[in-house]
Amino acid sequence: MQASVTMNENLPSLIRENLVARRSGQFQFLGNLVEVPSEFTTGNMAAVSELTLQALRDLELGVERHAVSPDAPGSLAGVNNLVVRHEFSAGPVVALVAHGDTRPPTGDWTLDPLTPTIRGGVFYGLGALSKADIAVYAHALAALRDAKPTLSGTVELHITFDGEADGQWGTKWLLDNRIVNPDYAVGSGLAYAIGTSSVGDLQLQVEIKNLAGHPSADPMEAASKILGSLYQLRTSYLDIHSEVPGIGSPSLIIGQIQGGERPDETPGRVTFTLDRRLIPDEHPAQVEAELTGRIAETASRLGGIVCRIRRLKLAPPMKPGAGTDKLAGVLERQAAAVMGSPVGAYGVPHASATQHYTAVGIPSVLYGAGPERYEDAHAGGPDECLALDDVRKATEVVALALGEFMTPAG
């Protein structure tokens with residue numbers, strides 16, 4: 001059992017003093033990150049990763065740079081992952097995981113997305129939500145380190161730049177290549193709740209073509225019938241509800257449809273992609289089998305066409321495991337003390353790159369600078385924002401939680 005009562009009684013006050021001394025620098029750290037273009041769709045992550053690396057070094061943290069292997073597809077070969085390791089002494093390794101890339105700005109911004117703006121204590125800028133957790137985790141570690149506590153274990157920072165690709169070339173790549181292997185992980189989340197589950201993601205590509213000798217068959221018509229069957233299936237998802245608070249129901253989206261060269265000519269080939277969000281209560285293999293079976297069964301009733309289904313991605317849902325309660329309990333306790341009200345566990349209704357840690361058995365939770373209601377941040381949308389007071393509080397919670405969690409049992 002973690003002996004939180006043995007934590008040095010001076011440690012919390014030392015951590016708070018260190019955080020106060022660094023606060024203006026922390027907010028400047030975040031502003032500098034937001035100013036740098038970091039849209040993942042451009043594939044150009046060099047500037048933002050270099051700035052992040054230098055900002056971490058300015059905090060006197062040792063930083064490793066790990067370039068994604070040169071056989072990565074397209075411009076992803078330019079992605080770098082940053083890893084910080086600070087060992088207090090022998091003991092468990094706790095990773096703090098955040099990403100510094102963004103999606104393109106959407107909607108009608110009233111402010112310049114790349115000009116950090118503070119109004120009434122609220123910080124505005126593209127990527128404010130995700131980049132804030134880089135600032136939270138880095139400064140929590142620096143404040144804890146400077147307090148010079150007697151702790152057991154190592155704190156790592158895993159800073160990646162492919163969050164918009166669900167961590168395939170960030171957290172997953174680091175784990176697959178055995179560069180990191182922590183005992184616990186904390187990923188980006190909200191300041192007023194502890195995420196212990198999140199949805200997963202299945203993406204499929206469906207290709208419909210004419211069979212040889214059947215030039216009159218219509219792949220577009222076949223695609224429309226298959227889509228109709230999928231949309232009918234989607235209506236049944238409204239009756240499925242996760243038992244995890246905050247998760248809701250599964251979802252299905254047809255995101256891309258391609259086919260045809262001319263408006264007056266039947267296409268010989270049609271493709272579409274679908275995205276199926278997986279709730280923690282579901283088995284991904286069963287969901288995939290149901291979808292592919294539905295598509296294949298509908299296609300089999302149509303003459304003159306061939307249908308091929310290819311999996312594009314499968315990210316299992318994040319679920320609690322052995323050790324999750326231990327980590328979540330410490331965060332809940334410290335967050336409640338800092339926030340002044342109870343802070344409980346919840347399920348996150350969107351995918352998280354932290355699921356790659358749980359997929360290999362590493363207990364993980366989500367906690368960061370996000371607002372009480374995720375939608376209030378307008379993540380990626382017009383005037384993305386977060387309260388600087390939440391950044392302050394979340395940083396204190398993370399530093400205090402690490403101090404308690406890594407205090408040697410006595």
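Dipole orientation for the chain: of the candidates PRO113, THR196, SER152, SER152 has the Cα lying most toward the positive pole (charges on Cβ; Lys, Arg +1; Asp, Glu -1).
Here the simple spin-label model places points 7 Å from the Cα toward Cβ, and for ALA336 and ASP108 these points are separated by 4.5 nm.
For the chain, the longest principal axis of the alpha carbon atoms and the long axis of helix 128-146 meet at an angle near 30°. Other residues whose C-beta falls under 14 angstrom from the C-beta of VAL97 contribute a net charge of -3, scoring Lys and Arg +1 and Asp and Glu -1. Let me check I've understood the local charge: for GLY195, count other residues with C-beta under 12 angstrom from its C-beta, Lys and Arg +1, Asp and Glu -1. What total comes out? Summing Lys and Arg as +1 and Asp and Glu as -1 gives 0.
Placing pseudo-labels 7 Å out from each Cα toward the beta carbon at GLU87 and THR266 gives an inter-label distance of 6.9 nm. Volume per residue for segment 110-191 equals 139 cubic angstrom (convex hull of Cα atoms). Remark: relative contact order (the chain) = 25 percent; criterion is Cα-Cα distance under 8 angstrom and separation of 6 or more residues.
Once the chain from ASN8 to SER236 is taken as fully extended at 0.36 nm per residue, the excess over their C-alpha distance is 76.6 nm. Amide H to amide H, with H built 1.01 Å from N, GLY187 comes under 5 Å of VAL97, VAL365, LEU366, TYR367, counting only residues 5 or more places away or on other chains.
Note on ILE362, ILE208: ascending count of other Cβ atoms within 10 Å places them as ILE362, ILE208, the fewest first.
Determine the calculated [θ] at 222 nm for the chain from helices alone, applying -39500 (n - 2.57) to every DSSP H run no shorter than 4 residues and normalising by the residue count; nearest 500 deg cm²/dmol. So the helix-based figure for the chain works out to -11000 deg cm²/dmol.
Taking a ≥ b ≥ c as the square roots of the eigenvalues of the alpha-carbon gyration tensor, segment 262-321 is classed prolate because a/c is 1.5 or more and a/b outweighs b/c. Taking amide H as placed 1.01 Å from N in the peptide plane, the amide H of GLY91 sits under 5 Å from that of GLY153, each at least 5 places away or on another chain. The GluC sites (Glu not before Pro) of segment 265-317 that meet both conditions, a loop assignment by DSSP and at most 10 other Cβ atoms within 10 Å of the site Cβ, are GLU265. Report relative contact order for segment 200-315 in percent, whole number only (criteria: Cα-Cα under 8 Å, sequence separation at least 6). Result for segment 200-315 is 47 percent. If you find the alpha carbon centre of segment 141-217 and of segment 252-273, how far apart are they in angstrom? After rounding, the separation between the Cα centres reads 32 Å. Close amide H contacts of TYR346 (hydrogens built in the peptide plane, cut-off under 5 Å, sequence separation of 5 or more or a different chain): ILE194, GLY195, THR196, SER197. By definition, a body whose alpha carbon gyration tensor gives a ≥ b ≥ c is prolate when a/c is 1.5 or more and a/b is larger than b/c, and segment 286-382 fits this prolate description.
Label zone (ALA409, point 7 Å along Cα-to-C-beta; backbone nitrogen cut-off 18 Å) within segment 83-112: 89-94.
Sorted fewest first by neighbouring Cβ atoms within 10 angstrom, GLU39, GLU64, GLU375 come out as GLU375, GLU64, GLU39. Taken one residue at a time, the phi angles of segment 260-276 give Karplus couplings (6.51, -1.76, 1.60, θ = phi - 60°) of x, 10, 9, x, 10, 9, 5, x, x, 8, 9, 10, 8, 10, 10, 10, 10 Hz. Gly and Pro are set to x. Please compare each pair in LYS313/LYS393; LYS326/LYS393; LYS172/LYS209; LYS148/LYS319; LYS319/LYS393 to a cut-off of 29 Å on the Cα-Cα distance and tell me which ones are over it. Too far apart for the 29 Å limit: LYS313/LYS393; LYS172/LYS209; LYS148/LYS319. In order along segment 45-60, the phi-based Karplus estimate (6.51 cos²θ - 1.76 cosθ + 1.60, θ = phi - 60°) of 3J(HN,Hα) comes to 9, 4, 5, 6, 5, 5, 5, 5, 4, 5, 5, 5, 5, 5, 7, 6 Hz; Gly and Pro are listed as x. The overall shape of segment 200-315, judged from the alpha-carbon gyration tensor, is prolate: a/c is not under 1.5, and a/b is greater than b/c.
Each reported figure results from applying straightforward, stated rules to the coordinates on display, with no laboratory input. Predicted model, so just to flag it, every value in this text is computed and none were measured. Cβ atoms come from the backbone with ideal geometry, glycine included; neighbour counts cover every protein chain shown.
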